[in-house]
Amino acid sequence: MSKTSKFLIIFLISFAGWWGVNLLYQNLEEVYYFNEVSKNPKLFLAQINISPETKLINQVVEKYPEIKNLEIEATSAISFLMPESGEGKIIFQKNIYEKRPIASLTKLMTALVAKELYRPEQIMIVSEEAINQEEQTGDFKTGDELSLNELLHSVLIESSNDAAWAIAEGKMVGAENFVGEKGFVELMNLEAQNLEMENTNFVNPTGLDGQENYSTAQDLLKLVQYIIKKHPDILDITQKKSHEVLKPDGTIHHFIPENTNKLLGQNGLEIVGGKTGFTEEAGGCIILVLKEKEGDYLISLILGAKSQETRFEEMKKIIEAINK
């Protein structure tokens, strides 16, 4: 046997021995590790969750460096990047779990339930109770007949409480039974439960009852995400600057001259939807949905701004910080 052959045999035997010892050591490590995991399952969760998540958050911060030092006066806010597929990331947040009255942001849920309950062309009757709601927006009169689609335009563009109440009552031409405002609000709360909006409660379709009608920034984000995925036509309405509300015969009921969202058309922003709200208790509220160059959605919302004007100013601060 040559020296080369002897060396090769000795090497293989030594390698096999080293490999066996190393494998035994690895097996012992794994046995020890899984014993520890069985005692403390959080150890395993920490291993698979913390590091990747931290890395992704850092990636978001690096993409939007100006957001690090952003300060706003509003009570609560969130800005969320929602890709067309996969999970999104929170870019900016402030008190996102705090329960707040949300004023007319409520009407997004009103619109969602209406879209899932009725046909767009369904003709509805405006009742005396509807026109007695606080505000005069829409110039509605008792007995007016309008399609759900036209009432939704009034609700989402000019934020009409009368139209929201008429939708919730559901008095329809040719129908003896209707869901009624209380039944409709129950459906709103049921929809909130289905969307896992755990810190949300609705008491009417308008958002006027202050502290009893509340949600959180996090919960409202869930609502907007669902609307984007399942009912983007709601957002299509909210981005219109004006609209002619038509009667069933095609004649004009009234003209909506401007959207309550004053950010529409400003600074070249590609706004694909949004909603405003304001009461003395809720302060200034706004939801804004933008379409980013990469095709992602940027969902931002503010609750509890000091005034109607301040909500726009603070929203612009968030958007500008993200887009620098």
Q. Of the peptides 191-197, 179-185, how do they stack up when ordered by the mean number of other Cβ atoms within 10 Å, highest first?
A. 179-185, 191-197
Q | Derived scalar couplings ³J(HN,Hα) [the stretch 101-107; Karplus, 6.51 cos²θ - 1.76 cosθ + 1.60; whole Hz; x for Gly, Pro] | A | x, 10, 6, 6, 4, 3, 5
Q: Please list 170-178, 212-220 highest first by mean number of surrounding beta-carbon atoms within 10 Å per residue.
A: 212-220, 170-178
Q) Mind listing the phi-derived Karplus ³J(HN,Hα) values for the stretch 278-288, rounded to whole Hz, using 6.51, -1.76 and 1.60 with θ = phi - 60°, and x for any glycine or proline? A) 7, 9, 4, 6, 7, x, x, 10, 7, 10, 9
Q: Apply the Karplus parameterisation 6.51 cos²θ - 1.76 cosθ + 1.60, with θ equal to phi minus 60°, to every residue of the stretch 303-314 and state each ³J(HN,Hα) to the nearest whole Hz, in sequence, with x for glycine and proline.
A: 10, x, 6, 5, 8, 5, 6, 4, 4, 6, 4, 6
Q.
Using amide H atoms built in the peptide plane, which far-off residues or other-chain residues are under 5 Å from VAL203 H to H?
A. none
Q) So between LEU190 and GLU145, what do we pick up on full extension, going 0.36 nm a residue minus the alpha carbon distance? A) 13.4 nm
(Q) Below 14 Å, Cα to Cα, which aspartates and glutamates can LYS240 reach? Residues fewer than 8 away in the same chain don't count. (A) GLU150, GLU158, GLU258, GLU270
(Q) Could you check the spin-label model distance between ASN177 and GLU128? Points 7 Å from the Cα along Cα→Cβ, value in nm. (A) 2.6 nm
Q: Arrange the peptides 106-114, 307-315 so that the one whose residues have, on average, the most other Cβ atoms within 10 Å appears first.
A: 106-114, 307-315
Q.
So if each residue of separation counts as 0.36 nm, and I subtract the Cα-Cα distance between GLU280 and ASP249, what length gain in nm does that give?
A. 7.2 nm
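At 0.36 nm per residue, and after removing the present C-alpha to C-alpha distance, how many nm does the segment from ASN199 to LYS99 gain when stretched out fully?
This chain segment gains 35.3 nm when fully extended.
Where a number appears in this text, it was derived from the coordinates with a stated rule and is not lab data. This is a predicted model, so every value here is computed, not measured. Virtual Cβ from ideal backbone geometry, glycine too; neighbours counted across all protein chains shown.
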